[in-house]
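Below is one structure, written out as structure tokens; comments come after it.
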Amino acid sequence: MLAFIKVNELSIMSAGTIQISGETLSIGEVDNIKDNLRKHLISLLSLRNCKLDDDGFRKLMRAVCKTKSLLQLNLNIGVVDSDDRAILLADALNINRSIQSLYLHGTPLGDTRFSLMYRALSLHPSLVDLDVGDCMLGDDGIRMLCYLLAPDGAKSGLKELVLSANTRITNNGWSFFFCALAASSCLRSISLDYNPAISDSGAKMLAAVVAGSRCLKKIDLEACNLTEDSAKVWLEMLQSFPTPLRALNITENKISTTTMREINECITHDSSSDDG
């Protein structure tokens, strides 16, 4: 059976995919999604910036519990906008075993609402890709999130993580997070952009983590209040130690174009060496 992609009133049929952006879902649309989930026909469900009533959300989460086909669930931009919805999503994740990617970017979670979901996230056996960017997390939230990083038995731990624009996290919170990365993370990609509290001190800690990592390939540090001081540490680290890093975004910081070019040349050279 074919599912539908609907963006701004345009519907396109696509096997295994439902993507809807910026719409108010009708009862019929909710029922269609629910039925497709229960029949294990949907691998990607995206309801980005969508409006639906609490009963509709409850129906969808019950269907998420039962589906065995869903790999990616996108509820970006405020879909999970209450404690009750956070609990319903957590309940669904407690039962679901298939979801690998969960996107909640732009959701007003905060530490309290994130705590309602933390246990379900930490126990989910398949989750490897999590986006909690711009979710109003603070130091308590990032400390909880740290315990999702490490492999645990059959669980592989997170591989992709987005933490963009969580400006309530302080420098102390970021320091704890970078220690967790060094201790047990298998992350391949991490987005930390628009978190000015990271600053030079956090960036230097992260450089030390990358020097010892065999996993991290992509890092985004755009607009993180970095200066030439931490950029020089990164440059020396990249010149001195082999790393798997293949992409580093440090734009919108107070770093000279010369240093940025030299850093990019180091990463490009390492990537070329791999190709060779």
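Need one number: the % of Cα-Cα pairs in the range 147-208 sitting beyond the 14 Å mark. I get 57 percent for the Cα pairs in the range 147-208 exceeding 14 Å. Calculated over the range 99-199, the projected area of the Cα convex hull averaged across directions stands at 5.5 nm². Under 13 Å from the Cβ of Leu109, count the other residues' Cβ atoms, weight Lys and Arg +1, Asp and Glu -1, and hand me the total. Value of the local net charge: -3. Surface composition of the range 1-156: carbon and sulfur make up 50 percent of the accessible area, probe 1.4 Å.
In a DSSP loop and with at most 16 other Cβ atoms within 10 Å, the trypsin sites (Lys or Arg not before Pro) in the range 70-116 are Arg97. Within straight-line reach of Lys68, meaning a Cα separation under 24 Å, sit the following lysines at least 8 residues removed in sequence or on another chain: Lys6, Lys34, Lys39, Lys59, Lys155, Lys159.
Once the Cα-Cα distance is subtracted from the 0.36 nm per residue extended length, the Thr257 to Leu71 segment shows a gain of 62.9 nm.
Solvent-accessible surface of protein heavy atoms, probed at 1.4 angstrom with all chains present, puts His269, His124, His40, His105 in the order His269, His40, His105, His124, largest first. Of all DSSP bridge pairs formed entirely within the range 15-169, close to 5 percent run antiparallel. The residues of the chain expose, per residue, 45 Å² of accessible area to a 1.4 Å probe. Note: the chain, Cα convex hull, 136 Å³ per residue.
Once a ≥ b ≥ c are taken as the square roots of the eigenvalues of the Cα gyration tensor of the range 129-276, is the result rounded (a/c under 1.5), prolate (a/b larger than b/c) or oblate (a/b not larger than b/c)?
oblate
The values are calculated or read from the model by the stated rules, or taken from the named source; none is laboratory data. The structure presented is a predicted model; accordingly, all values stated were derived computationally and were not measured. With ideal geometry, Cβ positions are generated from the backbone for all residues, glycine too; neighbour counts draw on all protein chains shown. Ligands, DNA and RNA are stripped out before the accessible areas are found, and what is left, the full protein with its side chains, is counted by its heavy atoms. Shrake-Rupley method; radii C 1.70, N 1.55, O 1.52, S 1.80 Å.
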